[in-house]
Amino acid sequence: MDHERRRIEYVKGWSEKRDLKFTEAESFYRIKSVKAGENSIWVYLVETMKMGYAYNIKSDVINYMGLGIRHSIQFVKVDGKWLIRRDWYYDPLDEDSAYIDATPAEILPIDIMSLST
């Protein structure tokens, strides 16, 4: 749960600093493989998340970005029911997210006419 809280705080800070809001999110799953045992099943899948967002200054235009996450999920049979024991996943937002500066880059003024030769 701590990981999920950090992830939510990171995305919230990232979007606030860019003055945008998320408008929608949708996930699609592709099962890559399944390894079944008598009391345990491992499922390897790829989650593709599509997120819509709008800048607060132009909220009528929806932009999209995507995120890919690989999961290794173990199901175990307990009292005749299949339960998730663990869900290991690679989260691109967790790549040292505690150290990533969510501040957007500064916009530098450029004189386009001075670039032409």
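Considered as a group, the residues in segment 52-66 that are part of a strand (DSSP E or B) and in contact with an Asp or Glu (Cβ under 7 Å, 6 or more places away or on another chain) include one that is farthest from Trp82 (Cα to Cα), and that residue is Tyr55. A Cβ distance below 6 Å, combined with a sequence gap of six or more or placement on separate chains, defines the contacts here; from segment 25-44, residues that are farther than 10 Å from Ser72 by Cα reach no residue that is outside any strand (DSSP E or B) and at pLDDT below 95. Among the residues of segment 34-48, at least one is within 30 Å of Trp82 (Cβ to Cβ), under 12 Å from the mean Cα position of the chain (by Cα) and acidic (Asp, Glu). Total residues in segment 48-74 satisfying the condition of being touching a residue at least 24 places away in the same chain (Cβ under 8 Å) and either among the hydroxyl-bearing types (Ser, Thr, Tyr) or within 18 Å of Arg30 (Cα to Cα) (or both): the figure is 13.
Of all the numbered requirements in (1) out of contact with any Lys or Arg (no Cβ under 9 Å at 6 or more places or on another chain); (2) free of Cβ contacts under 8 Å to residues at least 60 places away in the same chain; (3) small (Gly, Ala, Ser), Gly13 misses one, and that requirement is (2).
Does Arg70 satisfy being more than 12 Å from the chain's Cα centre (by Cα), closer than 30 Å to Arg85 by Cα and basic (Lys, Arg)? No; evaluated as a whole, the condition is false for this residue.
The values are calculated or read from the model by the stated rules, or taken from the named source; none is laboratory data. Given the structure is predicted, the values throughout are model-derived calculations rather than measurements. When we count neighbours, we look across all protein chains shown, and the Cβ atoms used for this are built from the backbone with ideal geometry, even at glycine.
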